[in-house]
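I have placed the structure first, in the form of structure tokens, so that the comments after it can refer back to it.
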Amino acid sequence: MDVLRNFSGVEQHHEFQGSCGVEKNQPNLAPRFATFRNIPPERVGLNGEYDHSGLAKRVSLRFSQSFGAGEIENLRIIQRGAVVVLLGKIPNWRLLTQMIAIALGTSGAVDVEINGISVVQSYKPNFRASLGELMDSSVGVRRDRRSNKSCHAC
């Protein structure tokens with residue numbers, strides 16, 4: 001028998017049976033925790049083990065297998081539960097569409113959040129055409145479409 005004092009100063013008597021305080025006729029605790037034997041799909045790691053950020057790591061691996069290093073170098077992948085969150089910069093919209101499809105195709109993903117993505121498309125205008133239009137508009141010259149002759153705007 002062991003005597004313990006609680007905060008009020010009252011003595012409480014506890015009898016311990018066995019070395020760890022568990023009664024011998026108490027049922028096995030394993031069936032109560034049977035739900036923890038299965039890992040949620042979004043928490044499965046690269047090798048099938050439990051990993052809190054397993055979904056993000058698996059999506060990252062699939063991206064590195066599907067895209068070039070230059071295309072995903074400014075991309076960060078995290079997860080919020082079963083939602084894949086993409087952050088950073090990517091070169092174009094086509095790549096973003098492919099990334100969303102790959103992320104949604106990964107086991108455990110239910111949605112993809114792209115609010116943190118900036119698409120940096122390289123825009124290279126035809127320099128000569130743009131310069132010609134700029135010069136014509138600043139001087140007040142219009143080109144007649146039918147005859148391709150210049151006429152001054154009034």
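Hey, could you check the range 21-74 for residues that are of a type in the set (Ser, Thr, Tyr) and at pLDDT 95 or above and say which is surrounded by the most Cβ atoms within 10 Å (Cβ to Cβ)?
Looking at residues that are of a type in the set (Ser, Thr, Tyr) and at pLDDT 95 or above, I get SER60.
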*asked:* If I filter the range 82-124 down to residues being under 10 Å from the mean Cα position of the chain (by Cα) and of a type in the set (Gly, Ala, Ser), which single residue comes out as surrounded by the most Cβ atoms within 10 Å (Cβ to Cβ)?
replied: ALA103
*asked:* All but one of (1) aliphatic (A, V, I, L, M); (2) modelled with pLDDT under 95; (3) part of a loop (DSSP other than H, G, I, E, B) hold for ALA109; state the number of the condition that does not hold.
replied: (2)
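The values are calculated or read from the model by the stated rules, or taken from the named source; none is laboratory data. Fair warning: this is a prediction, and the values are worked out from it, not measured in the lab. A quick note on method: Cβ atoms are made from the backbone with ideal geometry, for glycine too, and the neighbour counts reach across all protein chains shown.
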